[in-house]
1. Run the 1.4 Å probe and let me know the accessible area of Asp299, rounded to the nearest 10 Å².
2. What is the magnitude of the charge dipole of the range 113-225 about its Cα centre, with +1 placed on the Cβ of each Lys and Arg, -1 on the Cβ of each Asp and Glu, and no other charges, expressed in debye to the nearest 20?
3. Under 19 Å from a label point 7 Å along Cα→Cβ of Asp285: give me every residue in the range 45-81 with its amide N that close.
4. Hey, if you put +1 on the Cβ of every Lys and Arg and -1 on every Asp and Glu Cβ in the chain, which of Val31, Ala256, Trp197 ends up farthest toward the positive end of that dipole?
5. 222 nm [θ] for the chain, helices only, -39500 (n - 2.57) per DSSP H run of 4+, per residue, to 500?
6. Got a sec to turn the phi values of the range 60-73 into Karplus ³J(HN,Hα) couplings, 6.51 cos²θ - 1.76 cosθ + 1.60 with θ = phi - 60°, whole Hz, x for Gly and Pro?
7. DSSP loop GluC sites (Glu not before Pro) in the range 102-196 with at most 16 other Cβ atoms within 10 Å of their Cβ, which ones?
8. Mind checking the dipole of the range 179-278: about its Cα centre, +1 per Lys or Arg Cβ, -1 per Asp or Glu Cβ, Debye to the nearest 20?
Amino acid sequence: MALNSLLQTIENAYKKDLPFVAYRAPNEMLVKSLIQLDSRLHLTKRYGESGFVFAPFNEEKNTILIPFEHSNYAEAMLEQSNVSSVDYFDDLSNENTKESHINLVNKGIEYIKKGILKKIVLSRKEVINANKFSAFITFKKLLNSYENAFVYIWFHPKKGLWLGATPEKLISLKKKNFSTVSLAGTQAFSDLEAVNWKRKEIEEQQIVTQYITSNLASIAEDITIGDTRTVRAGNLWHLSTKIQGVLKDENDLYLAVQRLHPTPAVCGMPKLMAKKLILKHEDYDREFYTGFLGEINMDDCSNLFVNLRCMKVLNETLSLYLGGGITEESNPESEWLETVEKSKVMKRVLRN
């Protein structure tokens, strides 16, 4: 199937209120899609099914499944496209939003200095008016703009329309062999030789690495930690460390996800306290932002990604979700600017 035909097929499904997902893995050319045969809301508890999962930040809420056996599957190769993306510039700076986020960051730093937390990830939602917005053209722009990311468009009539281009893997599993990535620290893109990681960013990345390895230690063996590298994700640099190993039971995907999600890269440490304070102090519901999504049990493989750099489409408004890791070394003004840089990942495909 040609890519434009695949896009037309999912757009037709959208008009019929049928759940669907279309997606492409990082550094691949194959775009896959699943269109559910009816509008039923399928849930999964133990990830034993085959299909595509979409899970919220708050793991106490339901994980949505588009089941392979109740869907039509199609795929297409990504084609070179002249659908261009350009930098998006806000016409006005929202000082109220800035002040609110800086106050939130200061509150997080206070908790850390009191010894209640070691790290917390705090975020904000930015709502943009979008007249004549096409989610399907935007999805095509994302495919062409972010080859290193997991790019998707997902819809369920009971949960909404979401798009994203996320750089962060939660876990990949083939039989018993797993790999995951510790990803933290953020700088605006510039010349690689000019990247200078500060103590705050290095410490933040080490916290995530330590959390992953210690939480998987009881259910996995032969865990190896790769070298920490600087990697590019759109207009941002991140610190990244690959972690691999072998699960003691190849059916432990559910247990591994329980141990990993939400990671310190999207929540904090200690996890339960950080999550409690996020739910208390953030003035909005994250929903599926900083949740996870991806294939489970397809061709004997599962590939899940953390839902970062995403947007929710509702009528003629777009909600962008922007956050950053807070440690004792954090500077509130710098944390605000980091969210501004992260917003550009989505915004640069909104204007042509």
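1. Accessible surface of Asp299 is approximately 140 Å².
2. That gives a dipole near 620 debye.
3. 54-65
4. Ala256
5. Counting only the DSSP helices, I get -9000 deg cm²/dmol.
6. Going residue by residue, I get 6, 8, 6, 9, 8, 10, 9, x, 4, 6, 10, 9, 8, 9 Hz, with x marking Gly and Pro.
7. Glu147
8. Roughly 440 debye, rounded to the nearest 20.
The values are calculated or read from the model by the stated rules, or taken from the named source; none is laboratory data. All figures in this text were calculated on a predicted structure; none of them were measured in a lab. Every residue, glycine as well, gets a Cβ built from its backbone with ideal geometry; the counts of neighbours run over all protein chains shown. Only protein heavy atoms, including side chains, enter the accessible area calculation; ligands, DNA and RNA are left aside. Shrake-Rupley method; radii C 1.70, N 1.55, O 1.52, S 1.80 Å.
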